[in-house]
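Inspection log for the structure reproduced underneath, given as structure tokens.
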Amino acid sequence: MTLSPVLTFNDGNTIPQLGYGVWQVEDDVAEKVVVQAFEAGFRHIDTAKIYGNEAGVGRAIERSGLTPEEIFITTKLWNADQGYESTLKAFEESMERLGLETLDLYLIHWMQPKQDKYVDTWKALIELQKQGRVKTIGVSNFTQEGLQRLIDETGVVPAINQVELHPFFNQAELREFNASKGILTQAWSPLGQGGELLESPVIGQIAAKHGATPAQVVIAWHLAIGNVVIPKSVTESRIRENYAALDVSLDETDVQAINGLDNSAEGAGRIGPDPAVSDFA
């Protein structure tokens, strides 16, 4: 079985570049599909408090027989829990649901610019890392300005920024900024939504060339440009298919052709909320 490549964080820890995401997966279903993901070869699981399935992920970890050293678990602090003390409390509650002593990666889920608690929240994550409760700390859905403010006000650079990213919205400018600060970029919704991306003729041609599926080609593109990527599926055959994207090796021509699908310049491409202006509980 091919093992996922690992990338190194700015704190020296590592993360498997290919992971399995459980957004919009019911708790009881999460237990089943995370076990299937482990069986397929995945060792990196990405959950969040707001997904409501941390307990299911925890049961799957227990059932897997894998040791904490063999797996990599990410969860995220929800918006309503931002603030120093409330972050510390929410972290402990997440850990209880996951059944873990130490977490691999803890992220602030959204920047929440109007709420403006993200710097104090980040200070709580720094404290959790100092205490050894979490190995690595980072953020999700942060803008360049938000990242710079965390760095300026605390001196601690996030290890990773997880954002919406797919070929129709490839975040080239933010990826470049992240890299300049030593921050890894992680992609959520890596396959887009609704199937439109996977039906693209460009993706189809590259898939035919490599004897791969369109989803495998898109995952291989993420890996080729250096993203950490967390495709989600609750279908066992698709979970295995997504993991097998590790065996698809794109050439530079393929990568450039997929880069050309980006719609950002037209103000299109984004599926989810814009972190710069989004505040929600």
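Every number in this text was worked out from the coordinates using simple rules, so none of it is lab data. Please read all numbers here as calculations on a predicted model, not as lab measurements. Here the Cβ is made from the backbone with ideal geometry for all residues, glycine too, and neighbour counts use every protein chain on show.
What to note about this one:
- When Leu198 is tested against the conditions (1) surrounded by 20 or more Cβ atoms within 10 Å (Cβ to Cβ); (2) within 21 Å of Gly19 (Cα to Cα), the lone failure is (1).
- Only listed residue being polar (S, T, N, Q), in contact with a strand residue (DSSP E or B) (Cβ under 9 Å, 6 or more places away or on another chain), under 20 Å from Asp46 (Cβ atoms) and exposed (fewer than 15 other Cβ atoms within 10 Å of the Cβ), chosen from Gln193, Gln129: Gln193
- When residues of the stretch 214-270 are limited to those that are of a type in the set (Gly, Ala, Ser), part of a helix (DSSP H, G or I) and more than 18 Å from Thr2 (Cα to Cα), the one nearest to the chain's Cα centre (by Cα): Ser264
- Inter-residue pairs, beta-carbon under 6 Å, first more than 30 Å from Glu39 (Cα to Cα) and in the stretch 239-259, second aliphatic (A, V, I, L, M) and surrounded by fewer than 21 Cβ atoms within 10 Å (Cβ to Cβ), 6+ apart: Ala257/Val202
- Of everything in the stretch 67-111 that is assigned to a loop (DSSP other than H, G, I, E, B) and under 18 Å from the mean Cα position of the chain (by Cα), the residue that is surrounded by the most Cβ atoms within 10 Å (Cβ to Cβ) is Met111.
- Of all the residues in the stretch 124-150, those that are out of contact with any Phe, Trp or Tyr (no Cβ under 6 Å at 6 or more places or on another chain) and either within 30 Å of Asn263 (Cβ to Cβ) or among the basic types (Lys, Arg) (or both) number 13.
- As a summary of the residue check, Thr47 satisfies the conditions (1) in contact with a Ser or Thr (Cβ under 7 Å, 6 or more places away or on another chain); (2) touching a residue at least 60 places away in the same chain (Cβ under 8 Å); (3) within 13 Å of Lys232 (Cα to Cα) except for the one numbered (2).
- Odd one out for Val57 among (1) touching a residue at least 24 places away in the same chain (Cβ under 8 Å); (2) assigned to a helix (DSSP H, G or I); (3) over 21 Å from Gln17 (Cβ atoms): (3)
- Selection status of Gly99, in contact with a His (Cβ under 6 Å, 6 or more places away or on another chain) and either free of Cβ contacts under 8 Å to residues at least 12 places away in the same chain or of a type outside the set (Asp, Glu) (or both): no
- Residues in the stretch 155-182 that are acidic (Asp, Glu) and either crowded, with 17+ Cβ neighbours inside 10 Å or in contact with a helix residue (DSSP H, G or I) (Cβ under 7 Å, 6 or more places away or on another chain) (or both): 1 in all.
- Residue check: Val228 meets all listed conditions (1) hydrophobic (A, V, I, L, M, F, W, C); (2) out of contact with any Leu (no Cβ under 7 Å at 6 or more places or on another chain); (3) closer than 23 Å to Val22 by Cβ but one, namely (2).
- Glu145 within 26 Å of Lys181 (Cα to Cα), loosely packed, with under 14 Cβ neighbours inside 10 Å, touching a residue at least 12 places away in the same chain (Cβ under 8 Å) and not aliphatic (A, V, I, L, M): yes
- Pick from the stretch 211-232, criterion in contact (Cβ under 8 Å) with a residue 40 or more places away in the chain and touching a helix residue (DSSP H, G or I) at 6+ places or on another chain (Cβ under 7 Å), ranking: surrounded by the fewest Cβ atoms within 10 Å (Cβ to Cβ): Ile225
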